[in-house]
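Any read-out appearing in this document is the output of simple, stated calculations on the displayed coordinates, not a laboratory observation. All of these numbers come straight from a predicted model, not from anything done at the bench.
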């Protein structure tokens, strides 16, 4: 699974996710990546793209959950991502990247590693795999 | 309001023994995709255009599990899916079950922009792709030798795998391993 989230200089957020799914999956199996609100979500507050155990991400409506706790609990982006990864996955393993309309960028995961990279307008740039 | 920001990912659940060269290859691809997105943002492209542009690059490179280099089904074929969402008006597009579309994310974008729906799948999505004139490839184009090998390992381990998960000794030899999904016994999901 691959994904990208962006907030542009006008504060507009967007998210995109694409995948081949799981190795040895059944024909016709649909995972979280195409499901809006699970693998991908964007609104006026944030943009989110998820990856990992699709069935766990679907059950937790993971991408929408980040936006929901920001909207209803008033959490910042980092808190929202931490909360969702720690509280919404049950035994599932997953990771996500997210941006907020005020230019923050966050990555969270509870797997052994996650291929990710991020950059901001003020010059910050990071590429990583492990915690 | 802050400035622009971008993040990309190539999947979670990485084999702790992934060879260093593979790790470097992955970091180089992620850096290349970030640079592509940064250049577009500096040229004032919109967020929705930049996420599509970057995911297309990730789909075209066979390194990660999407587009070319996608994971294989139990029959050794590729079935791809993707979705895209534009925050300001919460417009969205999604596709599933694609077998010939070179860049699934661009078809998802066309579903969002050029169709009255938000999700098209399997033969309907392939028909829409032909109507929209997107680039098509035969299914073999998406299959890589490495993934054929990984599928064999998954079959031997009688399990279903996330990206980059290679069986450890015990599960590849113990034939009584119950069917696994993402490395967990299928019973974890059975209630659903």
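If you wrap the Cα atoms of region A:1-55 in a convex hull and average its projected area over all directions, you get 3.8 nm².
Which whole number of Å³ per residue matches the convex hull of the alpha-carbon atoms in region B:14-155?
Each residue corresponds to 124 Å³ of Cα convex hull volume.
Calculated mean residue ellipticity at 222 nm for the protein assembly as shown: -10000 deg cm²/dmol, from DSSP H runs with n ≥ 4 weighted as -39500 (n - 2.57), summed, divided by the residue count and rounded to 500.
The relative contact order of chain A, computed from alpha carbon pairs under 8 Å that lie at least 6 residues apart in sequence, is 20 percent. Short to long, the 10 Å bins of the Cα pair-distance histogram for the protein assembly as shown hold 7, 30, 37, 21, 5, 0 percent of all pairs. Rounded to the nearest 10 degrees, the angle from helix A:77-87 to the longest Cα principal axis of chain A is 20 degrees.
Which whole-number percent of Cα pairs in chain A have a distance greater than 18 Å? I get 49 percent for the Cα pairs in chain A exceeding 18 Å.
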